Amino acid sequence: MKMRKYIYYPLECFYCDITINNRYEHSYDHVVPLAKGGKDHFENLVDCCRNCNHSKADKTLNEWRIHLESQIKGIETNHPKFQHFHPIIKRLKDLLQMDTYENDPFMQAAIEQAKKGLSEGGIPIGSVLVKDGAIIARGHNKRVQEDNPILHGEMDCLFNAGRVGSYKNTVIYSTLMPCYMCAGTIVQFKIPKVVVGESTTFKGAREFMESHGVEVIDLQLPECVQMMQQFIKDKPQLWNEDIGEL
């Protein structure tokens with residue numbers, strides 16, 4: 001039986017200078033964040049930074065980015081086997097994007113689509129397709145409304161876009177991490193970037209998309225998380241049907 005050893009790597013909240021020690025289980029050839037009170041330490045860091053950022057601390061966004069980039073570089077420099085920390089680096093990079101996209105009008109448009117779907121009695125997942133800096137299509141999950149098993153939010157959005165030609169300069173936004181069906185379509189059309197509202201309630205197919213060269217940005221927006229959590233609580237059977245878990 002192999003003995004477990006632990007790696008501690010401190011991550012600091014940029015705004016209030018609180019240090020949150022991340023304890024990672026280093027077993028076999030991977031590093032896994034250990035849960036604490038339902039959240040791992042990284043998620044506590046995200047919450048801390050997000051709350052401090054909302055209080056408009058006296059540090060600029062550029063300084064914030066430099067700080068996070070330095071933490072990423074520190075992990076890569078100080079740990080010879082830094083590839084074990086790829087999950088941490090990936091999540092730090094997501095955090096780096098937080099300010100850029102949290103008030104993004106395109107994500108807000110996707111959230112509006114999700115709310116529209118909910119108001120129709122459907123599943124609250126919305127999506128928009130952006131090309132050259134402008135929305136060219138909107139959609140939301142219509143499995144219930146249209147009695148169509150494949151009309152997930154992203155699929156409805158792409159259907160509404162019609163024939164786009166090249167997707168080279170497009171970005172698709174979704175309030176939830178795409179499933180394998182939607183991710184397969186994204187990969188097939190070579191959509192280069194996906195911006196996601198959250199993956200807490202559904203992990204989706206992030207690794208699959210990234211393995212095919214798609215850039216995935218996961219914002220973990222509280223509004224998106226809360227909307228899905230409430231829906232799953234209210235209509236668990238409908239949600240399990242949507243993800244094929246009945």
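A compact table of results
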quantity: Residue check for residue 194: touching a Leu at 6+ places or on another chain (Cβ under 9 Å) and either open to solvent by 30 Å² or more (accessible area, probe 1.4 Å) or over 13 Å from residue 138 (Cα atoms) (or both); calculated: no
quantity: Residues (outside any helix (DSSP H, G or I) and either in contact with a Cys (Cβ under 6 Å, 6 or more places away or on another chain) or free of Cβ contacts under 8 Å to residues at least 60 places away in the same chain (or both)) located in region 209-232; calculated: 212, 213, 214, 215, 216
quantity: Evaluation of residue 158 against (1) more than 14 Å from the chain's Cα centre (by Cα); (2) under 17 Å from residue 113 (Cα atoms); (3) open to solvent by less than 10 Å² (accessible area, probe 1.4 Å) (one fails), failing number; calculated: (3)
quantity: Search result, residues across region 167-178 that are more than 21 Å from residue 236 (Cα to Cα), modelled with pLDDT of 95 or more and either assigned to a loop (DSSP other than H, G, I, E, B) or of a type in the set (Asp, Glu) (or both); calculated: 167
quantity: Residues of region 136-159 satisfying the condition of being in contact with a Leu (Cβ under 8 Å, 6 or more places away or on another chain) and without any contact (Cβ under 8 Å) to a residue 24 or more places away in the chain; calculated: 159
quantity: Pair list, Cβ < 7 Å and 6+ apart or interchain, from region 179-208 residues that are without any contact (Cβ under 8 Å) to a residue 24 or more places away in the chain and assigned to a strand (DSSP E or B) to residues that are surrounded by 19 or more Cβ atoms within 10 Å (Cβ to Cβ) and among the acidic types (Asp, Glu); calculated: 196/218
quantity: Filter result (under 22 Å from residue 218 (Cα atoms) and in a helix (DSSP H, G or I)) within region 125-166; calculated: 153, 154, 155, 156, 157, 158
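The values are calculated or read from the model by the stated rules, or taken from the named source; none is laboratory data. Source: prediction; values computed, not measured. Virtual Cβ from ideal backbone geometry, glycine too; neighbours counted across all protein chains shown. These accessible areas exclude ligands, DNA and RNA; they are computed on the full protein's heavy atoms, side chains included. Shrake-Rupley method; radii C 1.70, N 1.55, O 1.52, S 1.80 Å.
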